[in-house]
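Heads up, the thing below is written out as structure tokens.
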Amino acid sequence: MKVVFLEEVEGTASPGDVKNVANGFARNYLLPRKLAAPANDHYIAIANAKATKHAKRQDRLDDEARTHLLPKVEGASVSIEVRVGEQEKLFGSVGSRDIAEALAEVTGVPIQHQQVLLGQVIREVGAEEVKVRLTKNVIATVTVNVTAMGVEEEEATEETAAEEGADEATEGKLEDSLLADTAAASDAQDADSRRQSDEGSEGTSGPTAVGVEAVAEAVQVAEPQAVAEVAEPDEEELENTGQPG
């Protein structure tokens with residue numbers, strides 16, 4: 001089907017372009033969304049008017065990009081550190097999102113990943129030139145340096161981890177030793193307390209028992225004597241009692 005484009009369709013056409021497209025693409029996508037219309041005189045006139053307006057707007061955007069954005073982005077260099085394996089093959093890859101984020105941080109220009117014209121993701125260490133589309137007609141070239149994470153940094157991390165492990169082990173040993181000493185001191189204190197308690201019990205039970213038995217014997221001896229004294233009155237008293245007064 002022959003259509004005239006009324007709006008920009010990225011990668012396909014600009015306003016005012018007249019092209020033959022597949023019938024399904026036209027009926028299911030372009031025409032319902034009013035991105036294109038049948039290529040007759042009426043719609044071609046409308047499309048040309050849109051094309052003129054669109055061109056003026058695009059020229060303004062291009063001029064602004066050349067003035068304000070291109071000086072900041074053109075020739076910029078960014079470094080992206082990644083972990084690598086054998087033969088400097090990356091664990092994963094560096095894609096357009098990674099590059100856009102790095103560029104935005106370095107240049108201060110907000111870059112969307114769609115603007116990074118990266119044919120395929122980067123899977124090797126090295127420097128690579130990459131195109132960045134600032135506007136439709138303004139493109140900058142930047143350098144992306146993909147580097148491996150420093151070996152020294154990794155070794156330092158491993159040494160730090162080993163030292164931390166050694167410190168933790170030493171602290172654990174000191175703590176265990178302290179606990180053992182505390183337990184031994186506690187056991188010794190308990191044993192000493194039990195010994196003193198046993199000695200105290202032996203020292204008090206002997207005399208107390210003897211004293212009780214002595215008192216009991218004294219009572220037993222004293223009671224019969226008292227009874228005898230009461231039961232056997234003096235003969236003289238009896239004689240005196242029996243005489244009439």
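Tell me the label-point distance for the pair residue 64, residue 86, using the 7 Å Cα-to-Cβ offset, in nm and rounded to one decimal.
Inter-label distance under the simple model: 5.3 nm.
Skip the ligands, DNA and RNA, and give the accessible area per residue of region 52-150 with a 1.4 Å probe, whole Å².
Computed with neighbouring chains in place, this is 63 Å² per residue.
What residues from region 1-32 fall in the zone where the backbone N is under 20 Å from a label point 7 Å along the Cα-to-C-beta line of residue 136?
In region 1-32, the label zone of residue 136 (backbone N under 20 Å from the point 7 Å along Cα→Cβ) covers 3-21, 30-31.
Modelled label-to-label distance, residue 143 and residue 53, 7 Å Cα→beta-carbon offset: nm?
Placing both labels 7 Å along Cα→Cβ, they lie 4.5 nm apart.
Direction-averaged shadow area of the convex hull around the Cα atoms of region 32-111, nm²?
Here the figure is 9.5 nm², rounded to one decimal.
Could you compute the net charge surrounding residue 92? Neighbours are other residues with a C-beta less than 13 Å from the C-beta of residue 92; K and R count +1, D and E count -1.
Once positives and negatives cancel, what remains is +1.
If packing is taken as the average count of other Cβ atoms within 10 Å, what order do 36-42, 21-27 fall into, highest mean first?
36-42, 21-27
Ranking request for peptides 109-117, 60-68, 131-139: highest mean number of other beta-carbon atoms within 10 Å first, then the rest in descending order.
131-139, 109-117, 60-68
Using the Cβ atoms and a cut-off under 15 Å, what net charge is assigned to the surroundings of residue 6, where Lys and Arg are +1 and Asp and Glu are -1?
Cβ neighbours under 15 Å give a net charge of +2.
Could you give the length gained by full extension between residue 101 and residue 79, i.e. 0.36 nm per residue of separation minus their alpha carbon distance, to one decimal place?
6.8 nm
The values are calculated or read from the model by the stated rules, or taken from the named source; none is laboratory data. Fair warning: this is a prediction, and the values are worked out from it, not measured in the lab. So basically every Cβ, Gly included, is an ideal-geometry build from the backbone, and we count neighbours across all protein chains shown. Surface areas here come from the heavy atoms of the whole protein model, side chains and all, with no ligands, DNA or RNA. Shrake-Rupley method; radii C 1.70, N 1.55, O 1.52, S 1.80 Å.
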